[in-house]
Amino acid sequence: MADFTWVWAGPTCTMQLAHMGADVIRMESMRRPCFIRTLPPWPDGRPGLNRSGYFNQYNQGKRSILLDLSKPEAVDIAKRIAAMSDIAVENFAGGVIDRLGLGYEELRKVKPDIVMISMSGYGKTGPESGYVSYGPAQVPLSGMSTLTGYRDWPPMHVGMSYGDPTAGLHAAYAVLASLYHREKTGEGQYIDMSQCESTMVLLGEGIMDYTMNGTQPPRSGNRVPKMSPHGIFRCAGEDRWISIACGSDVEFAALCEAMGRRELADDARFRALADRKGHEDELETEIEAWTLTQDAFELRDRLQAKGVAAFPPMLNRELAEDRHLNERGFFVEKEHPEVGVRKHAGIPWRMSATACEVWRAAPTIGQDNEYVFGELLGFSSDQIADLVAREVIH
């Protein structure tokens, strides 16, 4: 796979494909290193282009080569890699990949059945197609911020750049669908993807409420229309909480029993869902007065044993040490050339007939120059040395 991606959205897509067996070749540049190579967390607090935990998480199982795509010879080398590839992925602003001479029309000349996806912020057409975009902007532009926040509060950011990972996952699925199409027809194709639109599809209920009813759904914090209680409640200890959700009257009665407050299930204010929704402030006050006296993890076990959905928001350390995740082998611990063995989130699925394993840690920058230029492309040592001397490759 020819991987022209950078930052978060594109690498999220190519990581999923690497997890499924693709041989992903990232084309990087020392002149403009991938931005997330410069971001923390850093092992032992020491920064470096190969030391970013952020980069090393989202680039597991890939290769890295160094090409200066501002030079025509480097573009020709990239085309040779594309000619050997089933897939090409890029997430520059609209039009950038074409100006580099590596757009779909150019790549299909060397690989007629290639599947290529462009993951621009706003798609290849339309008045905003040329805008530069980053994930944080997708949250308000998609409408997500308008739906996020507590009652009577202004719109809020959701705390992360939803547009990036959401786009990456949608893009990987689109590539798989295109490969399936090619398997049946022999035809490659070009996928024009809008990161903003891939974020909007998460908001179906909000958008449909307006298109069908002409109304703007109010912000409601953690509450939802068809469950009550449905929220996050403070527990004993500093900044400890638990989420509790009851999807039926039976579950609510089980919660009341766990609280030692069976009478609440028969209280006229809380007896049925409509009653609880009408007195939700009072209900949440009753619950939090109880949860404030409870240890969050002990309470999780007691509530789940009674069939009530409950779980504490977990700290990073608690996730890394989680028994369930570790017993399932979710975490990956591979030797990295510069930072050694570090724990990373791994593949979140299991296949009955296919091994699912991250085959190596994320690459250091340019780690696979020798393999790609020498073994795959067949350049001699003298040719590689000449290209390095002229800074076509690094």
## Note on the structure
region 236-311: Kirkwood hydrodynamic radius (Cα pairs, Å) comes out at 12.5 Å
### Query
Can you give the relative contact order of region 236-311 as a percent, counting alpha carbon pairs under 8 Å and 6+ residues apart?
48 percent
### Query
In the set [x] 1.01; [y] 1.05; [z] 0.96, which value of Rg/Rh (Cα atoms, Kirkwood Rh) was calculated from the structure you see?
[y]
### Task
For the chain, set up a Gaussian network in which alpha carbons nearer than 10 Å are linked by springs, and say which option among 222, 50, 91 fluctuates the most.
222
### Task
Translational diffusion coefficient, Stokes-Einstein: compute it for region 95-204 using the Kirkwood radius over C-alpha pairs as Rh, at 25 °C and 0.890 mPa s, and state it as an integer in µm² s⁻¹.
160 µm²/s
### Summary
Whole-Hz Karplus couplings 3J(HN,Hα) for region 261-268, θ = phi - 60° and coefficients 6.51, -1.76, 1.60, Gly and Pro as x, run 10, 4, 5, 5, 5, 9, 5, 4
### Query
Hey, in the GNM for the chain with a 10 angstrom Cα cutoff, which one of 118, 352, 133 fluctuates hardest?
352
#### Entry: Karplus 3J(HN,Hα) series, Hz, for region 314-319 with 6.51 cos²θ - 1.76 cosθ + 1.60 (x for Gly, Pro)
9, 6, 4, 4, 5, 5
### Message
Restricting to bridges with both residues inside the chain, how much of the DSSP beta-bridge set is antiparallel, in percent to the nearest 5?
### Response
45 percent
### Task
For residue 7, enumerate residues with amide H under 5 Å from its amide H, sequence gap 5+ or separate chain, H modeled in the peptide plane.
35, 36
## Note on the structure
Under a Gaussian network model of the chain whose springs join Cα atoms within less than 10 Å, the largest fluctuation of 320, 310, 268 belongs to 268
### Query
In percent, how large is the relative contact order of region 277-380, given Cα pairs closer than 8 Å and 6 or more residues apart?
13 percent
### Query
What is the distance in Å between the Cα centres of region 4-18 and region 100-131?
16 Å
### Query
In whole Hz, what ³J(HN,Hα) sequence does region 58-63 give by Karplus (6.51, -1.76, 1.60; θ = phi - 60°), x for Gly and Pro?
8, 10, 4, x, 10, 10
### Query
Just the Cα atoms of region 186-261, one point each, no solvent: what log10 I(q)/I(0) does Debye give at q = 0.15, 0.18 Å⁻¹?
-0.79, -0.92
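I need to check one value: relative contact order of the chain, counting alpha carbon pairs closer than 8 Å and at least 6 residues apart, in percent. Kindly include the intermediate steps, with their values, before the conclusion.
Details: 692 pairs, mean separation 73.3, N = 394.
Rounded, it is 19 percent for the chain.
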### Message
What percentages make up the Cα-Cα pair-distance distribution of region 8-58 when the bins are 10 Å wide from 0?
### Response
24, 49, 25, 1
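Any read-out appearing in this document is the output of simple, stated calculations on the displayed coordinates, not a laboratory observation. Remember, it's a predicted structure, so these values are computed and weren't measured experimentally.
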